[in-house]
Amino acid sequence: MTTLHWIVASGLVMAAIALLGIVLLLLGERLTERLLLPLVALAAGTLIGSAFFHMVPASLERVSPAASVWPLVVLGFAAFLGLEQLLHWHRGHGAARASRPVVYLVLLGDGLHNLIDGTAIASAFLIDVRLGVSTFIAAAAHEIPQELGDFAVLLHAGWSKRKALVWNGISALTFLAGGLLTYAASDAVDVSYLVPFAAGGFLYIGATDLVPELNKVAFARRDFAHFTMFLAGAALMYVGSVLE
């Protein structure tokens, strides 16, 4: 497979993940909510693990001077913070009721986030296919609970199941758009600088959007399961970095 094939395939898979909201229809709301937090914990571990074990080390090898990597990581973190505040967007993973304007902000924020993710993962593929695959796995692990949560929000805002699935799918296509734009611009732009920027975004999502969701629940035995899932996600990324 060529680099372009990898980028297109990752974009199509990510769009398919957006349709996972249909799982809510098959499993039922109660069982789905029981699965969401373990998936959120796994996603947090993979995002943070991917940033530290794959993206930052690869950036330190390729970006010159290497010292500029860390400001780019912070800039990526700050950019995602600014995006979230600009849109007044809080990505919840429960089934909280949302007003109609907030629903459109959720979709807009999701589309912009997917566009940035597509850019980041395409950049990783352009540097090294193995880096691209590991970055995609981390992003996909995050997308699964996110898309289930977004689907639940749309339903509780009064949208039909079909309309919620269609619009979730449309917002996910911006991932492919970001990847293709990055590929088209790769001859004119050094995309290696986008990887540490994306690492900062991954750290922001994992540490400020996902981990706080785990801390909202009252202490229970399942908290240990969430902690274990977080470690499993980080360990998966670490093992992948060792095998590269």
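In the calculated pair-distance distribution of region 48-89, the portion above 17 angstrom amounts to 40 percent of the Cα-Cα pairs. Between A9 and L181, the modelled labels are 2.5 nm apart [label points 7 Å from Cα along Cα→Cβ].
For an R0 of 51 angstrom, estimate the FRET efficiency from the Cβ-Cβ distance between R34 and A67 and round to the nearest 0.05. Kindly include the intermediate steps, with their values, before the conclusion.
On the way: r = 46 Å, r/R0 = 0.89.
For R0 = 51 Å, the calculated efficiency reads 0.65.
Per-residue SASA remark: M1, around 150 Å² accessible (1.4 Å probe; ligands, DNA and RNA not included).
Projecting label points 7 angstrom from Cα along Cα→Cβ for R130 and A188 puts them 3.3 nm apart. The length gained by stretching the chain between L83 and A16 to full extension, at 0.36 nm per residue less their Cα-Cα distance, is 21.7 nm.
Kindly rank 181-190, 125-134, 195-204 from highest to lowest mean number of other beta carbons found within 10 Å of each residue.
Numbers: 181-190: 13.5, 125-134: 21.3, 195-204: 26.0.
In descending order of packing, they fall as 195-204, 125-134, 181-190.
The values are calculated or read from the model by the stated rules, or taken from the named source; none is laboratory data. A quick note: this is a predicted structure, and the numbers were derived from the prediction, not measured. Don't worry about glycine lacking a Cβ; one is built from the backbone with ideal geometry, like all the others, and counts go over all protein chains shown. What goes into the accessible areas is simple: the full protein's heavy atoms, side chains included, and nothing from ligands, DNA or RNA. Shrake-Rupley method; radii C 1.70, N 1.55, O 1.52, S 1.80 Å.
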